[in-house]
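The values are calculated or read from the model by the stated rules, or taken from the named source; none is laboratory data. This is a predicted model, so every value here is computed, not measured. Cβ atoms come from the backbone with ideal geometry, glycine included; neighbour counts cover every protein chain shown.
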């Protein structure tokens, strides 16, 4: 394929010159032509063109190619050149083949004699690799050219700068031409694209092709050929594919060029590939080896080969994407050694940690004290930036260094905490191995490994590992490992027949914080002896509650405090725990702590905070990476929040989400059953809801979990049975929950049970509901309290007692203003306010903190409640819009609400009840 009769876009001038040179040969004019350019700039292609032109005109063409491998072969290139020629004497043949006595300039006389009769084109490629004997031979030939019809056409790479070629000097009668090839210009690239792709490329494609190939004709042409084989068109949308292909071609090209360099030059290129952008030239020479600094012109050689370019006082690779290709040519052990030496030099040069770590990742073990700290710091920075893979790679590489058992195990624990973000099963196996191989030394390595894994929910393999090593432990380690075993014992019973031999039973009054957490949790699950459960939960934090303490005991103790109504302390402990876990990069455990805090805020009626917690939990650990035993708990909390927000669609989607089959074996499956039952109730699928509540009960009771503080499945099931007409079963379930709640003794649990009993009571319903309201009034469970107020106010109105309902509705308005309730709750409060009448709540303060607002803040907030925008408010009050924004910001903060929409909804609800907020 040709363009304007010329097959090589961008080299039209050179082709015309060569055509003229061949034509001049036919007119009896000898000449020496030298083509110089970087590798891939088309020297060989142009020589082939000239050779074809000469052959077409009947001239004799003799060709040779110098190579680095034959640089020490005497007359190696001359032998290639003259091998096809007839008329060589026996002496010349033997001299050229090295089989006889050396002849002076073998074959030269025969060549000159025959060339007087037949014009001859001598083509020699890569003359920079001529052996010394051939170089002298060609020098003699050039001096004799006036007596023959010969054109000597030679080429070389950039190492032959114009005027520096030893074959470029000829007698005055001989034409001498030197041509330095340049990179392709944009128009040349465009022509090449059109030539190879079959039609023109758009401007963006042309620009990308030029940049990716750096104007190298060989790289560009090969990349475009591969590009078209895929059926791609030269358009902007295919630039990513072009770039990928060109990078591969460029890498292959760099490797070929590398094969033509000296060993010292190759060593320097490899040093550049490893860390040329990090070290100055003197350190690069040190890395390349002792001969690099002494070899003259080495940087220039690399630049002229096209492999390197100047960068400040040093060098850098011309094609950074060729690093992997260059290094792939090295044996693995040499490559690892080069990276190790580069890392040491980079550390001495105070290079950034991340760059040193990059070198260490490909290096052999260095066994220097600075290695582990550098990798740890880089790991921490990678985690902050969200680069989990890099963080894991850093700690994995750190484990390749020679380490004592305890530091090795500590590193393994750190790595396992991060691996849950990418390879959770590998993290579990790593921790199980640490448990089995740990030596019980300082830091309780085995205990910490078990604690980290169990806090994620991975209990089967780790509990087996604990059982395996427990007989060989003693003292505090034995007590802690036994406590961790009991913390994850799934039945929650003391049936020792189900416990493996060698597991010591839990003492009634443990002093070990892990065993204290286990005993407190088991008491809480059974719903017995609240004071002891509370005291043991406090003991966990008293004995081992600081930063760096074990995770699972603290998390379990905080969950126990949720059930004992100590929500303030539980919140503080969860906050401290979460901060500690973030510092330790224990993402799975941190996600668990956030989910538990979400449940706590849900119990308190703080739906916005509960939503933030579960969202943060999934940011800390995406749901797909949660352990199959713990993901049902997260789903359950999210479903309950969606239901309280009135988002039945989201709740339905979450309830229908599939959970791994193994989830049924875990400790949180019951929570998901309960949440699904509530969704069925909201969807009016009452028979299905009843069956789900029964399944919840079977699951809970089968594991010894009788405490209604965990989840009030009995009272919720009672409401369903009551709606279905099974009043006897409804009463039985409600009475059972009430009895268990009294046994446990937590006010929140008792109040909820009383509420459940009141809802299904056939007689004395109002009195039962009043009892529930009285019990819940002083508890932190504000959502349950609001529900009790709703039920009681409704019951009072149903019995024709609006005066008794009015203060209850007023309390509900206070709750509505003080919290961020769901739209469902606001709608119910409005409905009740319409039934009680405006006078019932007139004059009430809409929010306990309303009085803390300044008068300007109250006036501004009131205008928002009336539906005015900031500009209207500013005009009404004769202030700037910025002043309005500042006043509203202060009001939002003092009222504890999130913004304008909430303020409008809450104040309008209050105004609908007759509250004068202005």
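Would you mention how many residues in segment 773-815 are more than 50 Å from the chain's Cα centre (by Cα) and on the phi < 0 side of the Ramachandran plot?
Residues flagged as more than 50 Å from the chain's Cα centre (by Cα) and on the phi < 0 side of the Ramachandran plot within segment 773-815 amount to 19.
Within segment 281-330, can you find the residues that are assigned to a loop (DSSP other than H, G, I, E, B) and within 28 Å of residue 246 (Cβ to Cβ)?
Within segment 281-330, 306, 307, 312, 318, 319, 329, 330 qualify.
Give, as residue ranges, the helices (runs of 4 or more DSSP H) completely inside segment 591-710 that count at least 1 residues that are under 26 Å from the mean Cα position of the chain (by Cα) and not assigned by TED's automatic domain parsing to the domain that holds residue 419.
631-644, 648-656
Do we have any residue at all in segment 786-793 that's without any contact (Cβ under 8 Å) to a residue 40 or more places away in the chain and assigned to a loop (DSSP other than H, G, I, E, B)?
no
Please go through (1) modelled with pLDDT of 95 or more; (2) over 26 Å from residue 600 (Cβ atoms) for residue 702 and return the number of the only condition it doesn't satisfy.
It fails just one condition, (1).
Taking the criterion of being in a helix (DSSP H, G or I) and within 27 Å of the chain's Cα centre (by Cα), would at least one residue in segment 534-553 satisfy it?
Scanning segment 534-553 turns up at least one residue that is in a helix (DSSP H, G or I) and within 27 Å of the chain's Cα centre (by Cα).
Return the pair list, or none, for Cβ contacts closer than 8 Å from residues in segment 868-884 that are touching a residue at least 24 places away in the same chain (Cβ under 8 Å) to residues that are in a helix (DSSP H, G or I), at least 6 apart or on different chains.
Partner pairs satisfying both residue conditions: 884/860; 884/870; 884/873; 884/874; 884/877.
Scanning for something within 18 Å of residue 528 (Cβ to Cβ), surrounded by fewer than 19 Cβ atoms within 10 Å (Cβ to Cβ) and out of contact with any helix residue (DSSP H, G or I) (no Cβ under 6 Å at 6 or more places or on another chain), does segment 694-701 turn up at least one residue?
For segment 694-701, residues within 18 Å of residue 528 (Cβ to Cβ), surrounded by fewer than 19 Cβ atoms within 10 Å (Cβ to Cβ) and out of contact with any helix residue (DSSP H, G or I) (no Cβ under 6 Å at 6 or more places or on another chain): present.
It is to be established whether one or more residues within segment 494-508 are out of contact with any helix residue (DSSP H, G or I) (no Cβ under 8 Å at 6 or more places or on another chain), at pLDDT 90 or above and surrounded by 15 or more Cβ atoms within 10 Å (Cβ to Cβ).
No, the conditions are met nowhere in segment 494-508.
Residue by residue, here is whether (1) touching a strand residue (DSSP E or B) at 6+ places or on another chain (Cβ under 6 Å); (2) modelled with pLDDT of 90 or more; (3) within 21 Å of residue 146 (Cβ to Cβ); (4) not in a loop (DSSP other than H, G, I, E, B) holds:
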| position | (1), (2), (3), (4) |
| --- | --- |
| 32 | yes, yes, yes, yes |
| 35 | yes, yes, no, yes |
| 47 | yes, yes, no, yes |
| 84 | no, no, no, no |
| 93 | no, no, no, yes |
| 106 | no, no, no, no |
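Do you know which residues across segment 742-759 are without any contact (Cβ under 8 Å) to a residue 40 or more places away in the chain and buried (at least 24 other Cβ atoms within 10 Å of the Cβ)?
750, 751, 754, 758
Pick from 169, 120: which is modelled with pLDDT under 90, out of contact with any helix residue (DSSP H, G or I) (no Cβ under 6 Å at 6 or more places or on another chain) and not assigned by TED's automatic domain parsing to the domain that holds residue 303?
169
Is at least one residue of segment 720-731 at positive phi and either part of a loop (DSSP other than H, G, I, E, B) or at pLDDT below 95 (or both)?
Within segment 720-731 (the criterion being at positive phi and either part of a loop (DSSP other than H, G, I, E, B) or at pLDDT below 95 (or both)), the answer is yes, since at least one residue qualifies.
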